[in-house]
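Only one structure is covered here, and it is reproduced in the block below.
The values are calculated or read from the model by the stated rules, or taken from the named source; none is laboratory data. These numbers were taken from a predicted model, which means no experiment stands behind them. Glycine gets a Cβ as well: all are built from the backbone with ideal geometry, and neighbour counts include every protein chain shown. With ligands, DNA and RNA removed, areas are computed over all heavy atoms of the protein, side chains included. Shrake-Rupley method; radii C 1.70, N 1.55, O 1.52, S 1.80 Å.
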Amino acid sequence: MEISTHQHTFPEASIIHVNGVELEVFEAGRENLGNPIVLCHGWPDLAYTWRFQIPALVAAGYHVIAPNQRGFGNSATPADVADYDIEHLAGDLAALLDHFGYESATFIGHDWGAFIVWSFTLLYPQRVDRVVALGLPYLARGEMPWLDFMEAVLGSDYYFVHFTKQPGVADAVFDADPARFINNLYRRDEPLMPTGPGMALIEIAQNDSPLGEPLLDERELEVYDAAFTHSGFTGGINWYRNLNRNWHQLADADPIVHQPALMIYGLRDAVARSEQLAAFVPNVEEVSFDSGHWVHQERHREVTSAIMEWLKQNPNT
């Protein structure tokens, strides 16, 4: 089914069998075969997050491939937590390229999608031409596994840790009312507040008076509500539960991203800016917009323009 949004028609979905699972994939610009760009959403999100960027990318000559990654929408939701580690998630992207007959592509990722794109670039460097990351800079692999480090520094209520230490608790809260959780989380003009005690995302899900203004209109919220009512939130949360496993799986990879990269920040985003990004991504350009975490939706015109200009200035060689 095609979904009309903001004068744009979102592509029809196809179910594609890759890497041992079925993925729901939204494809646009088949007339531009040979110039692929893969769009990777984060959590809790969908390929639909790219509704503003897809028309511009197609018009610029790209064959756009935007999957609902495993755990989301009508894509597979395996029961085993380990089926959501970075080897599986990156393997899905490699198999997706194989399915379409591409040796390599440009990859754009937001939030967790950015983590997957950064990691995919380390694991499959020959398959990545350029990287655009939004909302989440490269996460350096320190000496302590990521979840252990987060628990030591941020405590057991920090949502990454809570998801892992208390499996099923947050999932049930989010599943109880997907529309409320998404509407409370997707906000614009939200003041950047200091983190308090408690599990922040559960508090957001149960908040009767969320700060800021809704980012999604009624029709857009219906798309998210339907998708997460179908899939639930556990598959996506399992991405978090694999952070330590991912840390081990990336141990032998060259930690330097050699490809040209664009990093896009929202100035109101609670996710911290990386002060050492260029040490690991030497060919990076960084830009910021007055926005919260959902920068490519909240400031979609400016962000789309920045992406298009950067892609034009950094052509594939």
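Here the chain has 50 percent of its accessible surface on carbon and sulfur atoms, given a 1.4 Å probe and all protein chains in place.
When only Cα pairs below 8 angstrom with a gap of at least 6 residues are kept, the chain shows a relative contact order of 20 percent. Computing FRET efficiency as 1/(1 + (r/R0)^6) for LEU33 and ALA172, where r is the C-beta to C-beta distance and R0 is 35 Å, gives about 0.20.
Averaging the sequence gap over all C-alpha pairs within less than 8 Å and six or more residues apart, then dividing by the number of residues, gives region 1-160 a relative contact order of 20 percent. Considering only ALA90, ALA114, ALA306, the mean-square fluctuation computed in a Gaussian network model of the chain, springs between alpha carbons under 10 angstrom, is largest for ALA306. Have a look at THR234, THR164, THR106 and tell me which one the Gaussian network model of the chain (Cα, springs below 10 Å) gives the largest fluctuation. Maximum among the listed residues: THR164. GNM remark for the chain: springs join alpha carbons under 10 Å apart, and the peak mean-square fluctuation among GLU190, GLU31, GLU302 falls on GLU31. Between the alpha-carbon centres of region 97-168 and region 14-48 there is a gap of 18 Å. Shown are HIS300, HIS88, whose ranking by accessible area with a 1.4 Å probe and every protein chain present, most to least, is HIS88, HIS300.
Could you report region 5-73's accessible area per residue, 1.4 Å probe, as an integer in Å²?
The answer is 32 Å² per residue.
As a length-normalised measure over Cα pairs under 8 Å and 6 or more apart, the relative contact order of region 137-244 settles at 36 percent. Please find the FRET efficiency linking ASN74 to GLU222, where r is the Cβ-Cβ separation and R0 is fixed at 22 Å, and quote it to the nearest 0.05. Working from the Cβ atoms, E equals 0.90.
Per-residue ellipticity at 222 nm, computed for the chain from helices alone with -39500 (n - 2.57) per DSSP H run of at least four residues, works out to -10500 deg cm²/dmol. Rolled with a 1.4 Å probe across the full set of protein chains, the surface gives VAL25 an accessible area near 0 Å².
Sequentially through region 203-215, phi angles give Karplus couplings (6.51, -1.76, 1.60; θ = phi - 60°) of 5, 4, 4, 9, 6, 7, 9, x, 6, x, 10, x, 7 Hz, Gly and Pro residues having no value and appearing as x.
For LEU136, LEU96, the ranking by accessible surface with the largest value first comes to LEU136, LEU96, using a 1.4 Å probe.
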